[in-house]
């Protein structure tokens, strides 16, 4: 089940182009497994994933003091905010009306890679048969030293996963978020058992590839044989979407 953006501030234009840049081997894995990979949030390179700005932490502690709560409650909330990252997995896309030379450089180890081109509407549709709840929407970029993340009561533990620091604004990210909460102790929902893992490394989430893939774009500077190989492999897996060469390889006109 897909929930378009309850934990996000907003969704994107349904026809906005979205891109996923990857090595060729990862593309083959997607075709072979008919799934996309959701990485566990605490294993991202950005150490701020799932964290709150200082303003949030200070304001929450102040509110608890005013309510007469003992200091241990504030410590417990901070512990929960940190531990929940182990139970949240993310799948990230770049929204852009054109290819991004920067994204090619960031996400490819060589020129033997591809980008899946889709739309926001198609991305959501590709998850429709998923049995788990997936939240999809636009990441918002803020200043973690000056700004505050609005906390939506019962969803406050998930709020920080749809915000990132302004230093990452070039990613213009569409994000899919999946949560597998820890099991409870003795069946008590208010006592999560953080000694148990529900996500190990990440999760392969089934998708409808025909809905997802509009086109496959082959990396700039790639050898000619790569485009032929991508076309051949895609057809063998029943993907009939066009395979195109990056327009960054187009010849200039003087």
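Over the Cα atoms of region 163-228, each weighted equally, I'd like the Debye log10 I(q)/I(0) at q = 0.14, 0.27 Å⁻¹, rounded to two decimals.
Log10 of I(q)/I(0), two decimals: -0.83, -1.12.
With contacts defined as alpha carbon pairs under 8 Å and 6 or more residues apart, what's the relative contact order of region 2-249 in percent?
Once normalised by length, the contact order is 33 percent.
Taking the Cα centre of each part, how many Å lie between region 185-212 and region 133-182?
Here the answer is 18 Å between Cα centres.
If you build a Gaussian network model of the chain, linking Cα atoms that sit under 10 Å apart, which residue out of 214, 126, 167 swings the most?
Of 214, 126, 167, the most mobile in the Gaussian network model is 167.
Gain in length, residue 244 to residue 165, computed as 0.36 nm per residue apart minus the alpha-carbon separation, to one decimal in nm?
25.1 nm
For 78, 175, what's the fewest-to-most ordering of other Cβ within 10 Å of each Cβ?
78, 175
What order do you get for 92, 217 when you list them from fewest to most C-beta neighbours inside 10 Å?
Fewest-to-most Cβ neighbours within 10 Å comes out as 92, 217.
Grab the DSSP H runs of the chain that are 4 residues or longer, score each as -39,500 (n - 2.57), total them, divide by all residues and round the 222 nm result to the nearest 500 deg cm²/dmol.
My calculation for the chain gives -7500 deg cm²/dmol from helical runs alone.
Hey, fewest Cβ within 10 Å first, where do 157, 248 land in order?
248, 157
With only alpha-carbon atoms counted, please give the Rg and Dmax of region 70-218, in Å.
According to the Cα coordinates of region 70-218, Rg and Dmax are 18.1, 58 Å.
With Kirkwood's inverse mean 1/r over C-alpha pairs for Rh, give me the Rg to Rh ratio of region 1-121, two decimals please.
For region 1-121, the value is 1.09.
Every number here is computed from the coordinates shown, using simple stated rules; none is lab data. Predicted, not measured: the structure shown is a model, and the values here were computed from it. As a convention, Cβ positions derive from the backbone with ideal geometry for all residues, glycine included, and neighbour counts pool all protein chains shown.
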